[in-house]
1. Out of all the residues in segment 46-95, which are assigned to a loop (DSSP other than H, G, I, E, B), among the aliphatic types (A, V, I, L, M) and either surrounded by 18 or more Cβ atoms within 10 Å (Cβ to Cβ) or within 16 Å of ligand 2 (Cβ to nearest atom) (or both)?
2. Being more than 15 Å from ligand 2 (Cβ to nearest atom) and crowded, with 21+ Cβ neighbours inside 10 Å: is that true of Ser185 here?
3. May I ask you to verify whether Asp43 is over 17 Å from the mean Cα position of the chain (by Cα), of a type in the set (D, E, K, R), loosely packed, with under 15 Cβ neighbours inside 10 Å and closer than 27 Å to Leu137 by Cα?
4. Within segment 88-109, which residues are in contact (Cβ under 8 Å) with a residue 24 or more places away in the chain, within 15 Å of ligand 1 (Cβ to nearest atom) and hydroxyl-bearing (Ser, Thr, Tyr)?
5. Restricting the search to segment 110-148, which residues are under 20 Å from Asp215 (Cβ atoms) and modelled with pLDDT under 95?
6. Only one residue in Thr114, Thr124 is surrounded by fewer than 21 Cβ atoms within 10 Å (Cβ to Cβ), outside any loop (DSSP other than H, G, I, E, B) and not hydrophobic (A, V, I, L, M, F, W, C), so which one is that?
7. Please work out which one of (1) at pLDDT 90 or above; (2) under 23 Å from Ile117 (Cβ atoms); (3) among the hydroxyl-bearing types (Ser, Thr, Tyr) is the condition Tyr68 fails and give its number.
Amino acid sequence: MRFSKETLAAAVAAVGCAGFAMDVDAAPLDTNLVVNGGFENVDGGTTGAYGAVLILDWSHSGSGAFAYTHDGSLGAGDYANGGSYTGPAYTGGGSFYFTGGSANAAQGLANALTQTIDVSTGDTGAAIAAGTAFVNLSAIFSGYSVQDDHGLVTVEQLDSGGGVLASTTITPGGNVQAWTSLSDSAAVNTNTTAIRVSVYASAAFAGGSSDGYVDNVDVQISNVPEPGSLALLGLGGLAILRRRRG
Ligand SMILES: [Ca+2]
Ligand SMILES: [Ca+2]
């Protein structure tokens, strides 16, 4: 598991102020808010199809979702690289990555791995209330051979009643044979109190194993949009942005 220095400092400060009632709600700005977004925290004793290992820290409506490996760890396969690990390892992704798996394990948004993150207090809460907040999301994606199975990451903005105010998804949308980084950014609705992060795969082959692979899931609240997303906004979007922020 990976904590930034900022997250640790915030946690230490929260413990210091609140004693046993640790305030985990005060999410900091410009910090990855996803726990185990790199899928490195796994249970090697619980395996799925093709030697995949159980991913920890995320919620799942079923019996869990599983990870393959970049580097042969725990004997799991590297299907983004064709099958059994033969090296060299993909660098920058640690040891494990999410796979959609078989029999609807994590296929489609309804079967996604999820994390719901409270952003209603602290610096994120203040930025959202001020109308200046963006949610920036990024991840890397791959797949198996020429199959069109693909991974998806969705970030939903939730109001205090759990209603979905806005939704942003990044996905290659089809076959991708090399790890590919994608990112996007969205203005945060001022009524947002939590964000729900979902990681899942397409169900391109009904009843089969969906080889939508995802790693390095990063979701941050910031007062500035993800730089890479500016190109996607285009000139019209930039003009709107200037008016909003001017
Ligand atoms: Ca990883
Ligand atoms: Ca497949």
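1. Ala52, Ala65, Ala76
2. Yes, satisfied.
3. Yes: the conditions hold for Asp43.
4. The answer is Tyr90, Ser95, Tyr97, Thr99.
5. Hits for segment 110-148 are Asn111, Gly143, Tyr144, Ser145, Gln147, Asp148.
6. Thr114
7. (2)
Every residue, every condition in (1) at pLDDT below 95; (2) within 25 Å of Ile128 (Cβ to Cβ); (3) surrounded by fewer than 19 Cβ atoms within 10 Å (Cβ to Cβ); (4) under 14 Å from the mean Cα position of the chain (by Cα), yes or no:
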site	(1), (2), (3), (4)
Asn191	no, yes, yes, no
Ser198	no, yes, no, yes
Ala203	yes, no, yes, no
Gly207	yes, no, yes, no
Tyr213	no, no, no, yes
Val224	yes, yes, yes, no
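The values are calculated or read from the model by the stated rules, or taken from the named source; none is laboratory data. Note that this is a predicted model, so its numbers are computed, not measured. Please note: Cβ atoms are built from the backbone with ideal geometry, for glycine as well, and neighbour counts cover all protein chains shown.
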